[in-house]
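Visitor: The structure is given below, and queries will be raised subsequently.
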Amino acid sequence: MKSRILIALVTCLCLFSQASLAKEPLLETEHMRVYSVEGEFATYREALEMAITNRGIVINNVAYIGNMLKRTAADVGGKPLYQEGEALEFCSAVISRRMMEADIHNIVFCPYIVAVYVTKAEPNTVYVSYRRPIPVGDDASRESLMAVEELLEEIVQETLDAF
């Protein structure tokens, strides 16, 4: 009996300690949430992809934003901004359907996008960020959009906790 109580207590402590390991955003507005972690781009880029695909979600597109800005910098007179920068676009069939069943016009919130990037100014810092869906409409619509944000937050937290 005592061993069962001890096991239950240890399990609760482990769960509590894991929950408390959640990373806090570096920047949070009503439109975006940005996290940072020390490390290498490729490591966290791969972790992000795995956090998405391990949920059975297909990545629709990868936008190579950093490369595009490098390629066009001379043409537009811009300075280097990123060492690396990509945005992964995806939708969850289940969550997206609920979101659009709640309000057919919520289609504008799909695809979801999570960006991973390293700036020229901070080459050892990896940023992982996402655009926050603004909860609009009736209760069902707002609830479905909050579910999208919960999914994005889970994916980002899993990415940051991978190493």
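The values are calculated or read from the model by the stated rules, or taken from the named source; none is laboratory data. Note that the structure is a prediction, hence the values are computed from the model and not measured. Every residue, glycine as well, gets a Cβ built from its backbone with ideal geometry; the counts of neighbours run over all protein chains shown.
Visitor: For region 60-85, name all the residues that are exposed (fewer than 14 other Cβ atoms within 10 Å of the Cβ), in contact with a helix residue (DSSP H, G or I) (Cβ under 8 Å, 6 or more places away or on another chain) and either among the basic types (Lys, Arg) or at pLDDT 95 or above (or both).
Guide: Across region 60-85, the qualifying residue is only Lys79.
Visitor: With the requirement that a residue be in a helix (DSSP H, G or I) and among the hydrophobic types (A, V, I, L, M, F, W, C), what does region 145-163 give you?
Guide: Passing the criteria: Leu145, Met146, Ala147, Val148, Leu151, Leu152, Ile155, Val156, Leu160.
Visitor: Which condition from (1) assigned to a helix (DSSP H, G or I); (2) farther than 25 Å from Ser144 by Cβ; (3) at pLDDT below 95 is the one that Ala19 breaks?
Guide: (2)
Visitor: Given the criteria touching a residue at least 40 places away in the same chain (Cβ under 8 Å), in a strand (DSSP E or B) and at negative phi, does Val114 qualify? Spell out how you get there, then give the answer.
Guide: Values: touching a residue at least 40 places away in the same chain (Cβ under 8 Å): yes; in a strand (DSSP E or B): yes; at negative phi: yes.
Yes, satisfied.
Visitor: Can you name the number of the only condition in (1) more than 28 Å from Phe163 (Cβ to Cβ); (2) modelled with pLDDT of 95 or more that Tyr44 fails?
Guide: Condition not satisfied by Tyr44: (1).
Visitor: Could you please find all residues in region 45-59 being out of contact with any helix residue (DSSP H, G or I) (no Cβ under 6 Å at 6 or more places or on another chain), part of a helix (DSSP H, G or I) and farther than 16 Å from Pro111 by Cα?
Guide: Selection gives Arg45, Glu46, Met50.
Yes/no per residue for (1) buried (at least 16 other Cβ atoms within 10 Å of the Cβ); (2) in contact with a helix residue (DSSP H, G or I) (Cβ under 7 Å, 6 or more places away or on another chain):
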site	(1), (2)
Ile95	yes, yes
Met100	yes, yes
Asp103	yes, yes
Pro111	no, no
Thr119	yes, no
Thr125	no, no
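Visitor: Next question, about the same structure. Could you please find all residues in region 128-163 being closer than 24 Å to Gln83 by Cα and more than 10 Å from the chain's Cα centre (by Cα)?
Guide: Hits for region 128-163 are Asp161, Ala162, Phe163.
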